[in-house]
């Protein structure tokens, strides 16, 4: 029917050309399937700590007992002669070491509304085992606790004190 309709409108075209044209029109009609659904969105986190606030040189120490927190902060200040350096990451986060890893990894500050703030890889959900929970941060002293209980037992609560200059 489509070929005879086209033949009536285009009397000078050969039948094979009309058949090809009809087939192309048929296939074009089939190609209008709806697009596949988009991939799930990467979770969007909010956080009160921008990456720029974390960049710097820090003295670093750790404690296992809460009563050692003040003493540990003073020990961290003394470590500025050999600072732990946090630099900007290539994708907007910061570069830090993960537990038991000798290479720097880009991490972000992430928070799900109503939950604690965490620092960890962007691909992990907030509070994942590779994350550290932000216990406190006042711009100069950053206190982080590992989420993974086994890692936390080994490393303790980390105290980063910003070095002067």
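Every number here is computed from the coordinates shown, using simple stated rules; none is lab data. Owing to the predicted nature of the structure, the values given are computational and were not obtained by experimental measurement.
Here are the numbers for the structure shown:
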{"quantity": "Relative contact order of segment 51-162, defined on C-alpha pairs under 8 angstrom at six or more residues apart (%)", "calculated": "26 percent"}
{"quantity": "Cα gyration tensor shape for segment 99-142, rounded if a/c is under 1.5, else prolate or oblate", "calculated": "oblate"}
{"quantity": "Rg(Cα)/(2.2 N^0.38 Å) for segment 51-162, N = residue count", "calculated": "1.00"}
